[in-house]
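Novice: One structure follows; several queries about it will come next.
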Amino acid sequence: MRTELERQDIEAIAQRVLEVLRPILFNQEKAGDGRGTIFDVKGLAAYLQVDCGWVYKQISLGTIPFFKAGKYSRFRKKDIDKWIENQMARSIPILKVMKRG
């Protein structure tokens with residue numbers, strides 16, 4: 001069985017499909033969380049809520065992951081997020097503290 005559709009019906013179907021898919025596609029972009037994002041020094045400072053001077057100091061100490069784009073330092077968000085996770089302070093068990101004191 002073959003059904004013929006009018007052009008306006010096809011356009012209405014396409015619009016409805018777009019309405020349904022738009023939130024799904026938007027959420028996937030959001031779920032990606034910008035991990036492909038690349039920061040410059042100013043952008044990284046804003047992301048970390050620190051001064052640009054602090055970022056430059058970490059670059060010179062080699063404590064923060066970065067790469068060079070010519071003479072400019074750049075930072076991959078995914079590398080920075082991983083670095084942040086590794087910077088989380090570990091709590092000291094209360095018994096260790098009590099034994100020392």
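Novice: Write out, first by first residue and then by second, each pair whose Cβ atoms fall under 9 Å of each other, whose residues are 6+ apart or on separate chains, and whose first residue, in segment 60-89, is more than 16 Å from VAL50 (Cβ to Cβ) while the second is loosely packed, with under 10 Cβ neighbours inside 10 Å.
Specialist: That search, which allows pairs on different chains as well, returns ARG74/LYS68; ARG76/GLY36; LYS78/GLY36.
Novice: Return a yes/no flag: does segment 5-14 have any residue that is modelled with pLDDT under 85 and not in a helix (DSSP H, G or I).
Specialist: Yes, segment 5-14 contains a residue that is modelled with pLDDT under 85 and not in a helix (DSSP H, G or I).
Novice: Provide a single number: the residues in segment 36-86 that are in a helix (DSSP H, G or I) and of a type in the set (Val, Ile, Thr).
Specialist: Residues of segment 36-86 in a helix (DSSP H, G or I): 41-48, 52-61, 77-86.
Checking which are of a type in the set (Val, Ile, Thr) leaves us with 41, 55, 59, 80, 84.
Summing the residues that are in a helix (DSSP H, G or I) and of a type in the set (Val, Ile, Thr) in segment 36-86 gives 5.
The values are calculated or read from the model by the stated rules, or taken from the named source; none is laboratory data. This is a predicted model, so every value here is computed, not measured. Cβ coordinates were reconstructed from backbone atoms using ideal geometry, including for glycine residues, and neighbour counts include every protein chain displayed.
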